[in-house]
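Enquirer: Take this structure first; my questions come after.
The values are calculated or read from the model by the stated rules, or taken from the named source; none is laboratory data. Everything numeric in this text was worked out from a predicted model, so none of it was measured. Don't worry about glycine lacking a Cβ; one is built from the backbone with ideal geometry, like all the others, and counts go over all protein chains shown. Keep in mind that these areas ignore ligands, DNA and RNA; they rest on the heavy atoms of the full protein, side chains included. Shrake-Rupley method; radii C 1.70, N 1.55, O 1.52, S 1.80 Å.
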Amino acid sequence: MAFRFRQFTVEDQHSTMPVGTDAMLLGAWTQPAGAKRILDIGTGCGVLALMMAQRSTAAVTAIDIDARSAAEAGLNFKQSPWSERLQCHGLSLQDFQQSQPGTFDLIICNPPFFSGSLRSPSLKRNLARHEAELTHRGLLASVRELLGEAGAFATVMPSALWEPFTGEAAIQELHPVQELWVRSFARKPPLRVLALFRKTGKVANIRQELVIFDVPGKFSTEYLELTAEFHSF
């Protein structure tokens, strides 16, 4: 089905992952101002790449190992107002890294994160949601090589994986400089962490929190303000 944003529309019926809350939060929270080259790893239907294109003047490159996802993202890009600045490649991160000259100012990724959980019957969904094709260590090592010295890496993960993920990131000399801990309701524990990493550990880390719902079915004011550039309710 088509998911209509304020300035673009996303078709997501053929991608490994449809438009979801994680992507909405990550794309709305990430600030690409000043970036000239942006990379979206595991783009799926291309929603994060489109959100970055809307908020910047950067050239945005997206990659996805799944051919149907890459094709759907490419179609979404062509139908957007920023088609001349968007491109998609149906490649693995490793293959892309080998052929890619230069570095990026911003890398964004909604990564596979269900380590150790049961595999779903759908291979496409496994590729998107599990580390069978790309481990966190492999992802972070590639990010380290593809990221410019002053660049930033934005990602989202379950709160339970925060410590092991940041441990792997530290090995690659990538350090969190901003965190957003996300709760579904005020009295619930955090479910997700949005984080911005850089190659320097000298910058003080800023930690904030966000609650998505005030009550079931009613978005919080802070969530609505965060996502206001992209859709209205």
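Enquirer: Pick from segment 24-43 the residues that are surrounded by fewer than 17 Cβ atoms within 10 Å (Cβ to Cβ) and in contact with a strand residue (DSSP E or B) (Cβ under 8 Å, 6 or more places away or on another chain): which of them is farthest from D66 (Cα to Cα)?
Expert: G34
Every residue, every condition in (1) over 17 Å from L194 (Cα atoms); (2) free of Cβ contacts under 8 Å to residues at least 40 places away in the same chain, yes or no:
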| site | (1), (2) |
| --- | --- |
| H14 | yes, no |
| D22 | no, no |
| G27 | no, no |
| L48 | no, no |
| M52 | no, no |
| S56 | yes, yes |
| C88 | yes, no |
| Q100 | yes, no |
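Enquirer: Next question. If you scan segment 73-98, which residues turn out to be open to solvent by 20 Å² or more (accessible area, probe 1.4 Å), in a helix (DSSP H, G or I) and touching a Ser or Thr at 6+ places or on another chain (Cβ under 6 Å)?
Expert: Q97
Enquirer: When you scan segment 121-129, do you find a residue that is within 18 Å of R192 (Cα to Cα), surrounded by 20 or more Cβ atoms within 10 Å (Cβ to Cβ) and at pLDDT below 50, even just one?
Expert: Filtering segment 121-129 down to residues within 18 Å of R192 (Cα to Cα) leaves 128-129.
Within this subset, residues satisfying the condition of being surrounded by 20 or more Cβ atoms within 10 Å (Cβ to Cβ) are 128.
Add one more test, that the residue is at pLDDT below 50, and what stays is 128.
Yes, segment 121-129 contains a residue that is within 18 Å of R192 (Cα to Cα), surrounded by 20 or more Cβ atoms within 10 Å (Cβ to Cβ) and at pLDDT below 50.
Enquirer: Scan segment 31-43 for residues that are within 14 Å of T103 (Cα to Cα) and in a loop (DSSP other than H, G, I, E, B) and report the count.
Expert: Result for segment 31-43: 2.
Enquirer: Of S142, S220, which residue is surrounded by 14 or more Cβ atoms within 10 Å (Cβ to Cβ), hydroxyl-bearing (S, T, Y) and over 26 Å from R4 (Cβ atoms)?
Expert: When all the criteria are applied, what remains is S142.
Enquirer: Taking only segment 85-104 into account, find how many residues are of a type in the set (S, T, Y) and within 13 Å of I38 (Cβ to Cβ).
Expert: Initially, segment 85-104 is screened for residues of a type in the set (S, T, Y), giving 92, 99, 103.
Subsequent filtering for residues that are within 13 Å of I38 (Cβ to Cβ) retains 103.
Going through segment 85-104 one residue at a time, the tally reaches 1.
Enquirer: Determine if segment 14-23 includes at least one residue that is under 27 Å from G148 (Cβ atoms), open to solvent by less than 30 Å² (accessible area, probe 1.4 Å), part of a helix (DSSP H, G or I) and among the aliphatic types (A, V, I, L, M).
Expert: First, pick out the residues of segment 14-23 that are under 27 Å from G148 (Cβ atoms): 22-23.
Add one more test, that the residue is open to solvent by less than 30 Å² (accessible area, probe 1.4 Å), and what stays is 22-23.
Imposing the further condition that a residue be part of a helix (DSSP H, G or I) reduces the set to 22-23.
After this cut, where a residue has to be among the aliphatic types (A, V, I, L, M) as well, the list is 23.
The answer is yes; a qualifying residue exists.
Enquirer: Let me ask something else about it. Which residues, taken from segment 44-63, are open to solvent by 10 Å² or more (accessible area, probe 1.4 Å) and either in a loop (DSSP other than H, G, I, E, B) or among the aromatic types (F, W, Y) (or both)?
Expert: Residues satisfying the conditions are R55, S56, T57.
Enquirer: Kindly indicate which of T221, T200 is without any contact (Cβ under 8 Å) to a residue 12 or more places away in the chain and more than 20 Å from V156 (Cβ to Cβ).
Expert: Sole residue among the options that is without any contact (Cβ under 8 Å) to a residue 12 or more places away in the chain and more than 20 Å from V156 (Cβ to Cβ): T221.
Enquirer: Count, please, the residues in segment 180-198 that happen to be touching a strand residue (DSSP E or B) at 6+ places or on another chain (Cβ under 9 Å) and surrounded by fewer than 17 Cβ atoms within 10 Å (Cβ to Cβ).
Expert: 6
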